[in-house]
Amino acid sequence: MIEKIEIEKIKPFKKISNYKTSFLNYINYLTKYHYSNSNNYKKLLKNFNYNKNNIYNLEDLPFISTNLFKNLDLKSIKKKDIFKILTSSGTSGQQTSKIFLDKKNANNQRMVLSKIFSYYLGNSRLPMLIIAKDQNTNARSFNAKTAAIRGFSLFGKNHTYLINEKNKPDNEVLLNFLKKYGKKKFLLFGFTHDIYQVFFNQIKNHKTKIDLSNGILLHGGGWKKLEKIKISNELFKKKFFKEYKLNTIINYYGLVEQIGSIFFECPKCNVFMCSNYSDVIIRDKNLNVKKTGKGFVQLFSLLPKSYPGHNILTEDIGKIASCKCGFEGKCFTIHGRVKHSEIRGCSDV
């Protein structure tokens with residue numbers, strides 16, 4: 001009998017006896033569940049000669065490419081049970097992924113995100129400056145950026161949106177926020193490229209010296225645009241400290257296909273750390289598992305139940321790494337996205 005995991009009882013990073021086996025069993029359970037409840041997913045897995053009566057190792061379980069969420073409606077719930085639809089943040093003209101959530105899945109995402117966040121930053125809600133426009137919180141369908149803002153905003157208070165309706169940063173809003181809250185700890189949240197643009201191209205030469213020394217910057221995504229202008233993660237941090245005295249910067253990695261079970265970066269080692277809700281495998285161009293070196297990032301998550309996103313192959317390039325601070329779980333680094341090629345072997349219906 002396949003063991004089911006009670007998501008709400010899992011501690012994000014605490015050692016759990018026999019957890020590796022339990023994680024494997026539950027990923028097998030989710031594969032079988034989605035095979036039985038999603039027609040499109042079932043068609044995909046038939047190409048792998050998947051047998052729902054077998055128990056597979058993580059490395060042998062059939063995975064699907066994140067690209068498939070752009071071309072197919074992959075859901076394991078009935079239409080009447082759809083609570084929210086998330087879409088990826090594609091640029092104009094690009095197809096976007098569609099992720100279908102019921103209320104239970106949406107609640108689990110918020111709960112797990114809260115647990116991971118609290119592990120790093122505690123339970124105290126801090127004043128929060130959001131480097132984005134105010135969001136429409138009543139929409140049924142929204143993109144990954146909006147989902148992230150809505151998710152992380154739960155952990156802050158006195159929410160202040162820096163970007164106005166003209167898509168420009170409001171200097172007075174920034175100065176008023178810092179005047180009210182800048183003498184104690186506060187949160188800044190946004191997307192990496194957006195944050196860089198605002199603080200180094202749009203308000204850098206403001207006549208009033210801006211001091212962010214009490215800030216905690218939480219950011220993710222947008223690295224592809226910064227790579228083009230030669231801004232690395234290390235340089236990003238150095239520039240913020242030099243210009244704004246901002247020293248606490250936490251990068252996170254996550255995908256709309258597995259929203260909720262995100263990976264926070266160790267602030268000292270610059271590696272992403274797996275929680276008990278996730279796992280990662282690296283594969284080469286032939287889709288064989290790699291123990292060392294760079295390759296395609298394959299991600300597992302315990303959360304996706306309303307859609308088959310529990311085992312996906314991304315277009316990101318990464319490698320398994322270690323944390324020098326003593327973290328004993330699995331760690332990895334990201335080194336960009338695959339260029340001018342297509343992941344083969346997992347996208348035929």
Please indicate, with yes or no, whether at least one residue in the stretch 105-126 is more than 18 Å from the chain's Cα centre (by Cα) and open to solvent by less than 20 Å² (accessible area, probe 1.4 Å). no
For the subset of the stretch 159-179 comprising residues that are assigned to a helix (DSSP H, G or I) and touching a strand residue (DSSP E or B) at 6+ places or on another chain (Cβ under 7 Å), which member is most open to solvent (accessible area, probe 1.4 Å)? V173
Can you go through F300, F240 and tell me which one is closer than 28 Å to N40 by Cβ, touching a residue at least 24 places away in the same chain (Cβ under 8 Å), open to solvent by less than 20 Å² (accessible area, probe 1.4 Å) and not in a loop (DSSP other than H, G, I, E, B)? F300
Having 1 or more residues that are under 23 Å from Y26 (Cα atoms) and touching a Ser or Thr at 6+ places or on another chain (Cβ under 9 Å) is the bar; report the strands (runs of 3 or more DSSP E) wholly within the stretch 56-158 that clear it. 98-101
In the set N270, N214, which member is open to solvent by 10 Å² or more (accessible area, probe 1.4 Å), in contact (Cβ under 8 Å) with a residue 60 or more places away in the chain and of a type outside the set (G, A, S)? N270
Taking the stated definitions as given, is S88 of a type outside the set (D, E, K, R), under 30 Å from S118 (Cα atoms) and touching a residue at least 12 places away in the same chain (Cβ under 8 Å)? yes
Has the stretch 5-14 got at least one residue that is in a loop (DSSP other than H, G, I, E, B), among the charged types (D, E, K, R) and more than 19 Å from G260 (Cα to Cα)? no
Does the stretch 180-199 contain at least one residue that is in a loop (DSSP other than H, G, I, E, B) and within 23 Å of W223 (Cα to Cα)? no
What's the number of the only condition in (1) at pLDDT 95 or above; (2) outside any loop (DSSP other than H, G, I, E, B); (3) under 26 Å from I250 (Cβ atoms) that F264 fails to meet? (1)
Only one of N37, N67 is crowded, with 16+ Cβ neighbours inside 10 Å, of a type in the set (S, T, N, Q) and at pLDDT 95 or above; which? N37
Are any of the residues in the stretch 237-249 closer than 18 Å to H335 by Cβ and modelled with pLDDT of 90 or more? yes
Select from the stretch 15-34 the residues that are among the polar types (S, T, N, Q) and either in a helix (DSSP H, G or I) or crowded, with 20+ Cβ neighbours inside 10 Å (or both) and list them in ascending order. T21, S22, N25, N28, T31
Sort out which residues of the stretch 243-261 are in a helix (DSSP H, G or I) and either of a type outside the set (S, T, N, Q) or in contact with a helix residue (DSSP H, G or I) (Cβ under 6 Å, 6 or more places away or on another chain) (or both), and write them in order of number. E243, Y244, V256, E257
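The values are calculated or read from the model by the stated rules, or taken from the named source; none is laboratory data. The structure displayed is predicted, hence computed values, not measured ones. Positions of Cβ are generated from backbone atoms using ideal geometry, with glycine treated the same way; all protein chains shown enter the neighbour counts. Side chains included, ligands, DNA and RNA excluded: accessible areas come from the protein's heavy atoms. Shrake-Rupley method; radii C 1.70, N 1.55, O 1.52, S 1.80 Å.
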